[in-house]
1. Could you go through region C:182-199 in sequence order and give the Karplus-derived ³J(HN,Hα) for each residue, using 6.51 cos²θ - 1.76 cosθ + 1.60 with θ = phi - 60°, rounded to whole Hz, and x for Gly and Pro?
2. Based on the Cβ-Cβ distance from A:ALA16 to B:ASN22, what FRET efficiency comes out when R0 is 51 Å, to the nearest 0.05?
3. Please tell me which of these pairs span more than 21 angstrom C-alpha to C-alpha: B:LYS55/B:LYS108; A:LYS191/A:LYS211; A:LYS4/B:LYS110; B:LYS55/B:LYS79; A:LYS4/B:LYS108?
4. Give, rounded to the nearest 20 debye, the magnitude of the charge dipole that chain A has about its Cα centre when Lys and Arg contribute +1 at Cβ and Asp and Glu contribute -1 at Cβ.
5. Using a Förster radius of 22 Å, what is the FRET efficiency between C:ILE159 and C:ILE71 based on their Cβ-Cβ separation? Nearest 0.05, please.
6. Looking at the protein assembly as shown, what % of its DSSP beta bridges pair antiparallel, to the nearest 5?
7. How far, in nm, would the chain grow between A:VAL169 and A:LEU316 when pulled straight, counting 0.36 nm per residue and subtracting the alpha carbon separation?
8. Please state, rounded to one decimal and in Å, the Kirkwood hydrodynamic radius that the protein assembly as shown gives when every pair of distinct Cα atoms enters the mean of 1/r.
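Only the coordinates and a few stated rules stand behind these numbers; no lab work does. Nothing here was measured: the structure is a model prediction, and the numbers come from that model. All Cβ positions, even for glycine, are placed from backbone atoms using ideal geometry, and neighbour counts span all protein chains on display.
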Amino acid sequence: MERKAQGYLFTWILIAFLLALPFFGGQYVLYMVIQILILSVFALGFNLLLGYTGLLSFGQAGFFAVGAYASAKVLLVFPSLILGVGAGVLAGALAAAILGVLCVRHTRIYFSMLTLSFGMMIYSLAWKWREVTGGDDGLVGIPRAPMGIPGIFQLDMSPMSHYYYFVVVVCLGAIFLLRRMVQSPFVLILKGIRDSETRASFAGIPVRRYKLLAFIVAGAYAALAGSLLPPLENTVTPPIAHWTHSAEPVMVTLLGGIYSFYGPIVGSFFFYILKDVIVRFTQYWLICFGAIIVFLVLAFRGGLVVFYEERILPWLRGRITKGG
Amino acid sequence: MAELLRTEGIRKFFGVVSAANNVSLSFQEGVLTSIIGPNGAGKTTFINILTGHVKPDSGKIFFKGQDITDLPVHSRVQKGISRSFQIGDIFPKLTVKENLAIPVIAKKGKGMSFLSQVEKDREVGERVQDLMRTVGLEDKANMEAGFLSHGDQRLLEIALAMASEPSLLFLDEPTAGMNPVERVRILEQIRKLSQDRSMTFVIVEHDMDIVFALSDRIVVLHRGAVVADGRPQEIRENDQVKEIYLGEEVL
Amino acid sequence: MLDNLVFQGLIGLSLAMYLWLLSAGLTLVFGVAGILNFAHGSLFMLGAYFAFTLYGKWGWAFGPSVLVSLIGVGVVGAVMERVFFRRIYDLDLPYQLILTFGFILIFDDLVKMIWGGVAMIPPMPQWLDGQLVVLGRPFPVYNIFIVGLGVAVALLLWIVLERTWWGRTIRASAHDREMASAIGVDIPRLFTSVFVFAAMLAALGGALGTPVRVVAPGIGTAMIIQAFVITVIGGLGNLKGAFVGALIVGVLTAYGILLFPVFELFIIFVVMALVLMVKPEGLFGR
């Protein structure tokens, strides 16, 4: 019981901090927190597949890109933020539904190979289909459209702090939604599928259908994350669909902890700090990235959350009782 | 007495080995059947075929009059067939409670619920409690299934099979690895449930004491073919069966 | 029009050989050790870089360049297997895949660090230079050489697997690891040898490609995507399937480039999707 209260307290403090940030943080800090939130949503969707369903997707960047490009195309025509983000999410969910049908009917290994392949297929489309995606130049001039419902209200999003609040609200909403979802019967069944597909089908579960649904939710989350990017940067370019971008949720989740809900969020935070530091010293951050992944798999599989729970918490409790 | 399951001419070959050789059997409601036979006789394969885990090379399967030969596993489970596994198959990272919740949720059609909380579902919770009590695992409700003792895992395995509320339940060597106390408990449960007519059991077993104590009917398989089929007393006196078990002091 | 198609088909055949060399190793390692090495394409890339350095920059003769680069990548493969992969055989599948995935990142930056990020195109060895007139068009001799070599490798592999002791041991272990271990097969050493062999096959593909293909970071990954499609079409763990799959993908890619540029990758995927819908285990899969 005490732990749950601790959790609530921590959450509310964090939310208060996020809401207060624009008052003492500069533009760069706000920008970084937005990126962390976007990556968190991206990675949470990814981990619904990995940690909860046991499916490792190396192609989530494809859906991220679908969300980004769809939202960009809509914003270029109808400058309404809600419409843009909504279109992005829908496009991502649709793409996931179509590709998912093909991917989920196979063993886990084939699934992983297929997702990598499909992700790169989307990348190749983004890169070559000039008429639609702008090719390797991408799409430019995307407005940071105002958020509003026509006729009722309109909020200007051009100041960074305004867009920051929009992103915070949307991302926190998505996070809470998923938090609620992981306590549902649907996700319990996903966990069962992860532990034993055979047992799950013998429990009366149409396994493929559930895998497909999980894949669609993950795709929608990736697309949501992606659709928040164009209004921020005003451009969309192909690299966001590349498999090296698909590597980010993988690493971030591994770093934070695959079998914990908050793992991807914790990992995203530390990843950004890490990347910020590494990039100051060398342009070769992919190799650092890769080396960290190898190290984590060999020596630190539980990730930061497990490390915290198994090493830091007991140590903290020990200190407190000693002093108390 | 109603016929639950009927097979016609089931054949299955693995290469040149005949795992099922023109097997035609009928299972009646309420009749506890044991399937016995030497190792490699095709008992597990037969169950795999009946439950949909393996496709037969030829033959048909009828359940409650309906042709289920082409139905996938989960559909057969939904219609009322269930099984436990010889090599225990449970959800290792989930607690005992969560393990049992899954088939219960599936049975009650609550699987597609994205926002309600499993913890708070009273209907599911009560049924899970019930199941745990049946096999005697209530005090281990919150334990991760992977950490249970082997015997407890087998109990969980059986409870999982029962959780789908099947009319026909196949148990593949249910008591393997259990200590005597657990064995007695589970056999009592099987006998009770069978007599209540709530479930019809078909059991694959090697322990002849259990087979002869529980069964209303015994089917003997050898090299994929039905060699004998009848009441325990008839089987005991069957010469062919004795020959198959020659050298094994089991009968 | 017809001879256009036939000509492009021949180009596709030579492309298929590179893909075959890559896919053979990938599927062999999976069949024997159960590991799907996402970084297998990086070994192909290393083969290209090594050969390029020896042949294109230091002026070695072509043959020795290829040979030494094979050995070099073989060493890299041995180190990879002994130091890293050996530790993950007992881990859950996701961790295995993530680890091999991490290596792609490492190798991509590594080659950038050592060779720079620019794409390089080496010269053609003189004795293989020149063209043959095929169907009224000049067809590079080099491509014929590649096709011949690819088929030779396929035959060699077949002989090795069917006739040699090592090959039979591999097949036995692929079929039943515990049994093989029980009759005295040194499984760890076998895995290493298979891995090194596969690495050398990949390196051969990369090295042979240097005179005609661009040498740049990322060429491995582009190939591995196609290798995945090939193994899915052909069936994981199946060498015959890999060969047939490589032919299909190679020829289709060539046609795709000719008839539907921009979408050539798409065509491969559509074909793969079709194969999977009809036969989910792959054409020759179990």
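1. Computed from phi, the couplings for region C:182-199 are 5, 8, x, 6, 7, 4, x, 5, 4, 4, 4, 5, 5, 4, 4, 4, 5, 4 Hz.
2. Numbers: r = 74 Å, r/R0 = 1.45.
So the FRET efficiency works out to roughly 0.10.
3. Numbers: B:LYS55/B:LYS108 28 Å; A:LYS191/A:LYS211 11 Å; A:LYS4/B:LYS110 27 Å; B:LYS55/B:LYS79 18 Å; A:LYS4/B:LYS108 30 Å.
From B:LYS55/B:LYS108; A:LYS191/A:LYS211; A:LYS4/B:LYS110; B:LYS55/B:LYS79; A:LYS4/B:LYS108, over 21 Å: B:LYS55/B:LYS108; A:LYS4/B:LYS110; A:LYS4/B:LYS108.
4. 960 debye
5. That pair, C:ILE159 with C:ILE71, gives E of 0.50.
6. On the way: 29 of 45 bridges.
DSSP beta bridges in the protein assembly as shown are roughly 65 percent antiparallel.
7. 49.6 nm
8. Values: mean 1/r = 0.0332 Å⁻¹.
Over the protein assembly as shown, the inverse of the mean reciprocal pair distance is 30.1 Å.
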